[in-house]
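The values are calculated or read from the model by the stated rules, or taken from the named source; none is laboratory data. For clarity, every value in this text was computed on a predicted model and none was experimentally measured. Glycine gets a Cβ as well: all are built from the backbone with ideal geometry, and neighbour counts include every protein chain shown. These area figures cover heavy atoms from the full protein model, side chains too; ligands, DNA and RNA do not enter into them. Shrake-Rupley method; radii C 1.70, N 1.55, O 1.52, S 1.80 Å.
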Amino acid sequence: MYSFASDEYIEQTVKKYSSSMLKTAFSLLKSTADAEDAVQEAFIKLLTKAPEFESDEQCKAWLLRVTVNISKNMLKSARRKNLPLTEEIPYCEKSDGVLPYVLSLDEKYRVVTHLYYYENYSIKEISEILSLPGATVGTRLSRARKMLEKSLKEDFADEL
């Protein structure tokens, strides 16, 4: 293992988690530049707080939780309130055609859907990351699925 503040540790951590963090931030912010800012700020918090983790998964969960919190704070900030969201969807290695529908969901449904389907976290893990009861996460996932199903049926009714 690397020492905490070594260049190797920082490089490995960025390589391992930046993609997941960027996708998670983008699912909230819908802006690549803002998502990159949120991820950068999360890594800065990692370096300044220097928490000790028992496993890589614990580190990833911590980084995702910090990224979500930073992203939510950015959404609340005054500078974002009047900005139009005009940016295209630039990321997603596995563009499955459903991503635009996921991004159209309200924030509370979008985040749990992203963490569950795109980051492969369990409901329990998501509840820990977002500091929500597991039942709330399950309900949000269920509602998100129904909303997605409705949207997809409406848009693809002609093809059925």
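Just a few scattered comments:
- Within the stretch 5-59, tally of residues that are closer than 19 Å to SER77 by Cα and acidic (Asp, Glu): 4
- Residue match in the stretch 2-24 (condition: open to solvent by less than 40 Å² (accessible area, probe 1.4 Å) and touching a Pro at 6+ places or on another chain (Cβ under 8 Å)): no
- Of the listed requirements (1) open to solvent by 50 Å² or more (accessible area, probe 1.4 Å); (2) within 26 Å of LEU132 (Cβ to Cβ); (3) among the β-branched types (Val, Ile, Thr), VAL68 misses just one: (1).
- Those residues of the stretch 114-141 which are of a type in the set (Val, Ile, Thr) and free of Cβ contacts under 8 Å to residues at least 60 places away in the same chain, in sequence order: ILE123, ILE126, THR136, VAL137, THR139
- Picking from residues in the stretch 45-61 that are open to solvent by 50 Å² or more (accessible area, probe 1.4 Å) and not charged (D, E, K, R), the one that is farthest from ASN120 (Cα to Cα) is THR48.
- Test: THR113 is open to solvent by less than 20 Å² (accessible area, probe 1.4 Å) and polar (S, T, N, Q): yes
- Count of the stretch 9-52 residues, restricted to those that are assigned to a helix (DSSP H, G or I) and at pLDDT below 85, is 2.
- Pairing residues of the stretch 65-84 that are closer than 13 Å to GLU41 by Cα with residues that are at pLDDT 90 or above and hydroxyl-bearing (Ser, Thr, Tyr), at Cβ distances under 7 Å and at least 6 apart in sequence or on separate chains, gives THR67/THR24; VAL68/THR24.
- Conditions (1) more than 15 Å from the chain's Cα centre (by Cα); (2) modelled with pLDDT of 75 or more; (3) under 20 Å from ALA38 (Cα atoms); number of the one not met by THR139: (3)
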